[in-house]
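First up is the structure itself, then whatever we jot down about it.
Each reported figure results from applying straightforward, stated rules to the coordinates on display, with no laboratory input. Just so it is clear, the model here is predicted, and its values are computed rather than measured. As a convention, Cβ positions derive from the backbone with ideal geometry for all residues, glycine included, and neighbour counts pool all protein chains shown.
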Amino acid sequence: MEVNKFECTYRTGRQNGSIVFEVIPDEERPVPESLFKLYELNKFSVDALCKSYFYAAHPCQLNDYFDCHEKLLEFDDQLIINFLGNGGFHENIQDLIKNDPKRAQKITRETFREVFFKKIGVVSLTENPFNLLMWSYYTNHKGFQVQYDHGKFSFNNHGPFAINYRENLEIIRMSPSNVELGVLMQTNLKHKVWQHEKEWRFLAEKENMESPSSEVMRNEGGESRKFPYSFSAINSIQLGIRFFDVEEVIPENKYTLRISLKLKDVLKRKFLSFLAENEINTGISISQELNKIDFRYGRLMRIDKLTFVFTVFEDLNNLPLTLHEAIIKLLQHEDRAMNAKEIADKLNQNGWYQKSDGSLVKTNQIHARKNKYPDLFSVDNTAKPQLIDLV
């Protein structure tokens with residue numbers, strides 16, 4: 001089923017029993033290689049980052065009240081009968097449609113929303129990492145942004161789809177033949193006032209998810225709206241201009257910053273420790289010009305409980321390998337399965353990986369990668385090349 005409307009072709013179908021969504025703009029929009037997500041610094045965002053998951057929002061949780069709004073949809077009589085007849089509705093549906101059509105539409109919209117958005121959640125990202133407005137109202141410049149390689153997302157999803165921004169939002173007329181098409185269009189249309197966000201959206205899919213739309217629905221429970229992704233999907237993380245208090249950062253030289261946190265900054269310590277332990281390429285905001293955001297990239301090293309050192313990359317085109325990248329390079333070079341001790345010894349000999357403190361790579365550091373990169377490890381004697389053999 002497909003329809004061309006709002007300067008876009010919306011298409012749905014079935015493949016191997018699963019629904020397929022497609023959004024094809026009349027004017028071609030290539031999908032960016034990287035997409036970005038902005039986060040306020042709080043316990044929920046830090047947990048999502050450290051555990052590598054997205055929270056797929058219900059429409060009632062979106063910051064734009066009119067996003068995915070139920071009044072975008074208008075149902076024909078047969079669809080009202082289908083929905084309310086299967087939902088334990090006790091009134092005479094034909095009489096309701098005839099005598100109170102507005103109420104019939106309202107009840108059907110509410111029923112429709114609960115049915116479909118217990119299966120679908122919204123994950124919003126942007127193609128623009130430098131959007132001053134978004135940094136302001138999503139993070140107050142005190143939060144962070146994650147750059148993702150969305151091709152490595154492993155959860156069940158549809159997208160990414162570029163949001164279709166419209167000057168006027170028109171009613172989508174629904175019939176039994178285009179129900180799923182209506183959901184796709186409802187989640188893809190936003191008012192043009194939001195166009196600066198340059199949003200790309202994933203529709204994450206899972207059966208019987210919890211619904212936060214009302215106390216009654218919350219009490220019904222359901223599956224979590226959290227969707228894990230591979231840690232390797234994280235390309236880099238950027239920090240807001242006001243992420244650090246002025247007194248927390250002391251420049252030691254042109255390429256080094258010493259960061260000293262307060263004891264009470266538990267969340268910030270946890271966040272920075274995660275970046276340091278995982279050698280994540282990190283951009284610290286600099287504001288050398290008015291009304292412009294830019295980043296200097298480097299990596300963090302943890303010195304003690306409250307102290308970190310940020311070292312700026314001298315050459316962004318020749319970045320030092322992370323431990324994970326060095327392991328992959330070694331396995332590809334050797335073209336055989338290797339155990340953790342062999343890998344540590346080889347890396348210490350060839351210098352492909354240099355620890356910030358100058359110490360040697362240890363076997364337990366190789367084993368520690370298993371939680372984040374399980375596909376890299378084998379536990380049997382027939383380990384394939386380019387795997388770490390734990391036997």
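How high is the FRET efficiency between Gln354 and Asn86 when r is their beta carbon distance and R₀ equals 51 Å, given to the nearest 0.05? Let's see the in-between values first.
Values: r = 63 Å, r/R0 = 1.24.
Plugging the Cβ-Cβ distance into 1/(1 + (r/R0)^6) gives 0.20.
Determine the relative contact order of the range 75-213: mean sequence separation of Cα pairs under 8 Å and six or more apart, normalised by residue count, in whole percent.
Working: 144 pairs, mean separation 51.6, N = 139.
Normalised by residue count, the contact order of the range 75-213 is 37 percent.
Size of the dipole of the chain about the Cα centre, Lys and Arg at +1 and Asp and Glu at -1 on the beta carbon, nothing else charged, in debye to 20?
1040
Using Cα-only point scatterers and the Debye equation, what is log10 of I(q)/I(0) for the chain at each q in 0.09, 0.10, 0.11, 0.13 Å⁻¹, rounded to two decimals?
Per q value, in the given order, log10 I(q)/I(0) is -0.67, -0.80, -0.92, -1.15.
Using a cut-off of 10 Å between beta-carbons, work out the net charge of the residues near Met209 (Lys and Arg +1, Asp and Glu -1, Met209 not included). Kindly include the intermediate steps, with their values, before the conclusion.
Values: positive: Lys118, Lys119, Lys206, Arg225, Lys226; negative: Glu205, Glu207, Glu210, Glu223.
Every neighbour counted, the sum reads +1.
Search the structure for amide H atoms under 5 Å from the amide H of Ile172, placed 1.01 Å from N in the peptide plane, and list their residues when 5 or more places away or on another chain.
Leu73, Glu74
What are the ³J(HN,Hα) values, in whole Hz, obtained from phi via the Karplus relation 6.51 cos²θ - 1.76 cosθ + 1.60 with θ = phi - 60°, for each residue of the range 224-230 in sequence order, with x given for Gly and Pro?
Working through the residues one at a time gives 4, 8, 8, 10, x, 10, 5 Hz.
Using packing as a proxy for protection, rank 62-72, 207-217, 136-146 so that the peptide with the highest average count of other Cβ atoms within 10 Å comes first. Write out the running numbers ahead of the final one.
Working: 62-72: 15.6, 207-217: 13.9, 136-146: 17.6.
The peptides rank, most packed first, as 136-146, 62-72, 207-217.
Lys/Arg Cβ at +1, Asp/Glu Cβ at -1, dipole of the range 244-312 taken about the Cα centre: which of Val266, Phe310, Leu290 is farthest positive-ward?
Sorting the options by dipole projection puts first Val266.
Through the Karplus equation 6.51 cos²θ - 1.76 cosθ + 1.60, θ set to phi - 60°, convert the phi angles of the range 250-256 into ³J(HN,Hα) values in whole Hz; use x for Gly and Pro.
10, x, 8, 6, 4, 10, 9
Let me spell out the model: positive unit charges on the Cβ of Lys and Arg, negative unit charges on the Cβ of Asp and Glu, origin at the Cα centre of the range 36-133. What dipole size does that give, in debye rounded to 20?
Working: 12 positive and 14 negative charges, 54 e Å.
With only Lys, Arg, Asp and Glu charged at Cβ, the dipole is about 260 debye.
Run the numbers for Val20 and Asn99: contour at 0.36 nm per residue of separation, minus the present Cα-Cα distance, in nm. Intermediate values should be presented prior to the final figure.
Details: separation 79, 0.36 × 79 = 28.44 nm, distance 3.76 nm.
Working it through step by step, the gained length comes to 24.7 nm.
Compute the relative contact order of the chain as a whole-number percentage, counting only Cα pairs closer than 8 Å that sit 6 or more residues apart in sequence. Mind dumping the intermediate values first?
Values: 661 pairs, mean separation 61.9, N = 391.
Across the chain, relative contact order equals 16 percent.
What list of ³J(HN,Hα) couplings, whole Hz, do you get for the range 302-309 from phi and the Karplus terms 6.51, -1.76, 1.60, once you set θ to phi - 60° and write x for glycine and proline?
8, 8, 8, 4, 10, 10, 10, 10
Output the relative contact order of the range 244-312, whole-number percent, from Cα pairs under 8 angstrom with separation of 6+ residues.
Numbers: 97 pairs, mean separation 22.9, N = 69.
Relative contact order of the range 244-312: 33 percent.
Which of His158, His324, His333 moves the most in a Gaussian network model of the chain with Cα springs under 10 Å?
The residue with the greatest mean-square fluctuation here is His333.
I'd like to know which of Ala344, His333, Leu387 lies farthest towards the positive end of the charge dipole of the range 323-389, counting +1 on Cβ of Lys and Arg and -1 on Cβ of Asp and Glu.
About the Cα centre, the residue reaching furthest to the positive side is Ala344.
Using a Förster distance of 45 Å, how high is the FRET efficiency between Lys372 and Phe130, based on the Cβ-Cβ distance and rounded to 0.05?
The computed FRET efficiency comes out at 0.95.
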